[in-house]
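In what follows, a structure is listed as structure tokens, so that the remarks can point back to it.
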Amino acid sequence: MKFSSRLANANKISDKSRLFKSAAVITPLLALLAGCAALPSAGPVSSEIQAASSDRRAEPFDYHLIDLDDNVTSVLSAYQPNGLAKVFTGGKWAPKHIVGIGDTVSVVVWEQGNDRLFTPNGQAGGVELGPFMVNQSGAITIPYVGKVHARGKSVERLQEALQVALDRKATNPQVIVTLKQNASSLVTVNGAVRKPGQYPLDLSGKKLLDVVANAGGNASPATESYVSVSRNGRQAKQLLSNVFLNNDENVYVRPGDRIFVTHDPQTFTAFGAVPKVGEYPLQASNVSLVEALGRIGGLDKNAANSQGLFVFRYEDPQVITQLKTEYRGTNSGRVPVIYRLNMRDARSYFKGQLFTLRDKDVVYVSNAYGAELNKFIRILSGTLAIGKTASTF
């Protein structure tokens, strides 16, 4: 009996010892649990994003939190970013037939009557003089006339000048001047094209896509290529696929324009409670938010807050003015905006189809309020399991 009593007392002491050891492990964990805000997190939760928006407080770097509703999707769908058409106005412009250095002109003279200067009597038709290339001094040399200044003159003005010069030498002359080679009206095409170089403009005028085609076309997909035009100190660029889709962006080019095509794939970045955080290519002109979610595998079912889907971007102030009538332009330049979508609402999937992602957008899914607590409980359970295993030895 004495031995049994001592054994029972020893077991009680051992149980108390294990209890104290477990308590020593659990106590600091419980203290951590009491301050849930201190739990590690991959990013802000929905309430933190809302609390820091410009609607709640004003700071040097504030942002606007906008719920994605029907009005917002309507405004964004109608929005056209500043591209080539808004910078290079006068889309119907076509080059005038201006003669320049290096151009080649043809001069054809018809004469009527006897004692003709250029054609034998009785011969019908006219005779072509030249062709003549405009020299470095800007002149051409015509037989029986001599040097005639041509640089800067339109074809019509040059024709009138030759008509006057030949009136006293030929018999009732009729002069026709044509520009056979427009070497002075050049545009420069460089960058991600197959045949970079300088290209002359047709007399009927050329548009941007015509010039890019002359340079062998874009070397990369149009959805991954930007084309920029520089003219007289002004510059604008546009996604090449948008130029194909929007005829207004396919502007007329002018002599001296510099065209540069760059390969710059459009991407968006996914963060937060998603299956795989990373950067993803758009690979199309119009990729909706729903399509983007499909590419990244949707929301993490174990951690995501379905009411906390956000899209971060810098928005055009004109758009913000339409979305928020009280906006007074507190930010200089483009405005930081966060669009919010509640994926628990079935209607949000339709809205998400109308919301088009843009280059460098950030898609963020916040963690559910219990997600970090669940992680904590799993850590706690593992700790207790380790402590229980250790106590058996």
Cα shape, the range 227-335, gyration tensor, a/c 1.5 rule: oblate
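Estimate the FRET efficiency between Ala51 and Arg258 by the formula 1/(1 + (r/R0)^6), using the beta-carbon distance for r and 45 Å for R0, to the nearest 0.05.
Details: r = 48 Å, r/R0 = 1.07.
Between Ala51 and Arg258 the formula returns 0.40.
Can you give me the % of accessible surface on the range 98-181 that is carbon or sulfur? Probe 1.4 Å, all protein chains present, nothing else counted.
Details: 2230 of 4660 Å².
That fraction is 48 percent.
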In Å², nearest 10: area of Thr178 left accessible to a 1.4 Å probe: 70 Å²
Spin-label zone in the range 229-266 - amide nitrogen under 11 Å from a point set 7 Å from the Cα of Asn82 along the C-beta vector: 235-237
Nearest-0.05 FRET efficiency for Asn232 and Thr171, computed from C-beta distance (R0 35 Å): 0.15
Gln136-Asp67 pseudo-label distance in nm [points 7 Å out on the Cα-to-Cβ vector]: 7.4 nm
Solvent-accessible surface (1.4 angstrom probe) belonging to Phe312, in square angstrom, nearest 10: 70 Å²
Distant-in-sequence amide H partners of Gly217 (H built 1.01 Å from N, under 5 Å): Arg194, Lys195
Estimated dipole of the range 182-304 in Debye, rounded to 20 [Cβ of Lys and Arg +1, of Asp and Glu -1, Cα centre]: 260 debye
Å² per residue, accessible surface of the range 98-181 at 1.4 Å: 55 Å²
Probe 1.4 Å - accessible area at Lys351, Å² to nearest ten: 40 Å²
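Taking R0 as 22 Å, what FRET efficiency do you get between Ala284 and Lys360 from their Cβ-Cβ distance, rounded to the nearest 0.05?
With a Förster radius of 22 Å, E is 0.90.
The values are calculated or read from the model by the stated rules, or taken from the named source; none is laboratory data. Nothing here was measured: the structure is a model prediction, and the numbers come from that model. Cβ sites come from the backbone with ideal geometry, for glycine too, and all protein chains shown count toward neighbours. Surface areas here come from the heavy atoms of the whole protein model, side chains and all, with no ligands, DNA or RNA. Shrake-Rupley method; radii C 1.70, N 1.55, O 1.52, S 1.80 Å.
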